[in-house]
Amino acid sequence: MKARLKQKRGILAIAGATAGVALLAKVLLGHFKGGSNETIDGIHVRFNYSPSEILKQADEVIAMSKRVYDQVAAVPIDEVSYERVIAPLANLETEEFPLVQSCVFPRLVAVSKDVRDASAEAEMRIDAHNIKCSMRQDVYRVVKAFADKDEPLGPEAQRYVDRLVRDFERLGLNLSKEERRQLEILNTKIGELCLLFQQNVNEEDQVLYFSEAELAGVPTDFLKELKRLKDGKLEVSLKYHHYFPIMERCKVGATRKALGIAHDRRCIRENVPILEKVLYMRHKVAQILGYENHAEYETAVRMAKSPEKVKDFLESISARMSVLARKELRKLRDMKMEEEGIEPFSMYDLRYYINKAEEAEFKVDFEQIKQYFPIEVVTQGLLKIYQDLLGLRFKEVHRPQVWHREVQQYAVFDAETGERMGFFYLDLFPRSGKYAHTCVCSLQTGCVQSDGTRQLPVAALLANFTRPTREKPSLLNHGEVVRYFHEFGHVMHHICSRPSFAKFTGLRVEDDFVEAPSQMLENWCFESASLKLMSGYYKDTRQPIPNDICEALVRKRRSFAGILTKRQLLFGLYDQAIHTSPRVDTASLLKKLHLEVMEGIPMAEGTNFGASFSHVVGGYDGSYYGYLWSEVFSADMFASKFKWNVLSRATGREYREKVLKPGACKDGFDLLEDFLEREPSEEAFLISKGVL
């Protein structure tokens, strides 16, 4: 997940600026100079502010933005020009981005709860300000006046002007004063509630206690890492680094069920009312803006263009997968009957029996495969593959500017010209208060600044892989290797895009295309040549992963593709359903959808995974379908261009130039057709799932 967690609201959506913004930005940065907060090599985002400094910075950024908006709004209609109206808004969007991130990024990574709380408060203030700015009819009036002059502009500048007008009007700036007031109130409240929802998920800290007998089948090395109480019970959290290993390996059905139900009840008391309020208010906003529902509002600016097309897509894929999914489930149910008796099959059995079936079929203990993926070796190989493929060179920064001592910082250079292209950070291990999932955060854009120079793009990859111990390094399972490789693809998309405007950076492409580049790159985790570069037996890293295991991983990819695709379809159909109705009982809806989509597997009573489904409050509302939608295109790109040589530097450079470099300066379909040299097709996707 690219975090884009906040791209649709506070982080990327702050607007405004003048040529004087660069100076103002430097003045603001100057308030807090000193020590490890010094700007390093063009990085303006700061990571070590105190709670009071975060709030002060947020207030000053807001004040700066307001001054710019006031200045733009004051331009007389008969004097509007690109330099006085458009350039100021574009410049501020670039210049203030790292200043905003200095305030809001700590919410995801800071060790101190006081800092995280201050960051969340700062984000609320910035979001509220952003909504007020986006609803300023006086600014829209002069922007629209300039657009109506139809002055000749370059393609990217014209696209920027068109997007400004479109985005203003999608917020209702062409509506009456009373309607705009209603929208401002609703959007402000939605923003606050979404932040509260996510904060509840981040701060969730429930633990369960199990005996070793209740965790039978779970690897001994994993059990050693768990906190042991005086009575011998082991403490298990609901975080992914505990949850997935137990759900995949524990032989005790009662344990899997208890852990699974607790996981799907996370934040149910706090977040279900919040979510249902948000859904109702989103529906009201959409109708005020002239849309039938929120899903129609969201898809209008995506590749799909309408919720009807999305529904047809999801239901068509679901129907194509049903025969395969039912066949897979019959096999899994038979396995459970043989091992546990007549206990009905549930979602909490799915991972365990899939893992068991795959080990039996492929004669490989996939848990033991971890021994070939120590995180240092995976990271080294991953970085080499990306460097070679995209024509880049990475250099670790040995005196890094970081938010935690475990974080690594790298500079990125063009391998041919030596041009410095940006920086990225790797924050790979869990800690208290850190964002609990894997994501990529844009910290600084790579756009042209008001002085004509290009700002260096900066991104951070946040993950929560198992920590190393004195006895053993951090070992990744293959799924974690895939996730790591995928997320790093988002980092490269951000670093390699070279637009002039912040609005068109790489991760600002349409939401139903943004996953396609990284999904395409996941294929490298199933090819022998690239797997050997990322692997090495942890006791002797000169020994890469054996050929028979590589072959098993390739075959495993298609294993149970039907039921696993159905699970993604469940999330996508749920997201569409909650955003096409004015009032939603999320638990009842999920109960109905679960039976229909998951081929009769019921949802556990008393659960509601919607209470912790952060995507619908983090920028994927009405667009979760995009994961599968973009997977179709990713399969097409790989099969057409890379399948026969995954290490081709020539094809990799073409991919960088045609898909990554333009960022959002072109529509997704145009990027695809330029790279494929034809219209995209579903055929490769269906073949990859074993349907064709």
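Say the dipole of the chain comes from +1 at the beta carbon of Lys and Arg and -1 at that of Asp and Glu; which of L183, L647, P245 then lies farthest toward its positive end?
Looking along the dipole axis, the top candidate is P245.
Please give every one of the lysines within straight-line cross-link reach of K189, meaning a C-alpha to C-alpha distance under 19 Å, and leave out same-chain neighbours fewer than 8 residues apart.
Correct list for K189: K6, K8, K132, K177, K277, K284.
Taking Rh as the Kirkwood radius computed over C-alpha pairs, what is the Stokes-Einstein D of region 542-692 at 37 °C in a medium of viscosity 0.692 mPa s, expressed in µm² per second?
Rounded to a whole number, D works out at 179 µm²/s.
Can you tell me the 0 to 90 degree angle between the C-alpha axis of helix 253-264 and the longest principal axis of the chain, rounded to 10?
That works out to roughly 10 degrees.
In whole Hz, with x marking every Gly and Pro, tabulate ³J(HN,Hα) for region 244-251 from phi via Karplus 6.51 cos²θ - 1.76 cosθ + 1.60, θ = phi - 60°.
The phi angles translate into 5, x, 6, 5, 8, 10, 6, 7 Hz.
May I ask you to rank R159, R656 by accessible area, largest first, using a 1.4 Å probe over the protein chains only?
So the residues, ranked largest to smallest area, are R159, R656.
Can you work out the FRET efficiency for the pair R141 and R558, with r the C-beta to C-beta distance and R0 = 60 Å, to the nearest 0.05?
About 0.60, to the nearest 0.05.
Compute the long axis of helix 51-73 from its Cα atoms, compare it with the longest principal axis of the Cα atoms of the chain, and write down the angle in degrees, 0 to 90, nearest 10.
50
So what J values fall out for region 528-541 if you push phi through Karplus, 6.51 cos²θ - 1.76 cosθ + 1.60 with θ = phi - 60°, rounded to Hz, Gly and Pro as x?
Those phi angles translate into 4, 4, 7, 4, 5, 5, 9, 10, x, 4, 4, 8, 7, 5 Hz.
Give the lysines reachable from K327 as a straight Cα distance under 19 Å; neighbours fewer than 8 places away on the same chain don't count.
Correct list for K327: K336, K356, K556, K566, K689.
Considering only F413, C447, T469, whose Cα is most displaced toward the positive end of the charge dipole of region 347-476, charges sitting on Cβ of Lys, Arg (+1) and Asp, Glu (-1)?
Positive-end residue among those listed: T469.
To the nearest 10 degrees, how steep is helix 177-203 against the longest Cα principal axis of the chain, on a 0 to 90 scale?
40
Mind jotting down the distance between the C-alpha centroids of region 338-389 and region 135-175, whole Å?
50
Straight-line reach from K224: which aspartates and glutamates fall under 12 Å, measuring Cα to Cα and dropping same-chain residues less than 8 apart?
E212, E235, E471
For the pair R170/E361, report the inter-label distance in nm, with labels modelled 7 Å from Cα in the Cβ direction.
Placing both labels 7 Å beyond Cα along the Cβ direction yields 4.1 nm.
Residue by residue, what Karplus-based ³J(HN,Hα) values in Hz, rounded to whole numbers, does region 542-549 have, using 6.51, -1.76 and 1.60 with θ = phi - 60° and x for Gly and Pro?
Per residue, the Karplus-derived 3J(HN,Hα) values read 6, 8, x, 4, x, 4, 5, 6 Hz.
What are the semi-axes of the equivalent ellipsoid for the chain, taken as the square roots of 5 times the Cα gyration tensor eigenvalues, largest first, in whole Å?
Semi-axes (√(5λ), whole Å): 40, 28, 26.
Enumerate the amide H contacts of G422 below 5 Å, restricted to partners 5 or more residues apart or on another chain; note that Pro and chain-start residues carry no placed amide H.
Result for G422 returns V412.
State to the nearest 20 debye the size of the charge dipole of region 482-617 about its Cα centre, where the only charges are +1 on K and R beta carbons and -1 on D and E beta carbons.
240
Using the Cα centre of the chain as the reference point, and only Cβ charges (+1 on K/R, -1 on D/E), how large is the resulting charge dipole? Debye, rounded to the nearest 20.
1040
Let a ≥ b ≥ c be the square roots of the eigenvalues of the Cα gyration tensor of region 449-539; is it rounded (a/c under 1.5), or, if not, prolate (a/b larger than b/c) or oblate?
Cα axes put region 449-539 in the prolate bin.
The values are calculated or read from the model by the stated rules, or taken from the named source; none is laboratory data. The structure presented is a predicted model; accordingly, all values stated were derived computationally and were not measured. Counting neighbours? That spans all protein chains shown, and the Cβs are built from the backbone with ideal geometry, glycine included. Only protein heavy atoms, including side chains, enter the accessible area calculation; ligands, DNA and RNA are left aside. Shrake-Rupley method; radii C 1.70, N 1.55, O 1.52, S 1.80 Å.
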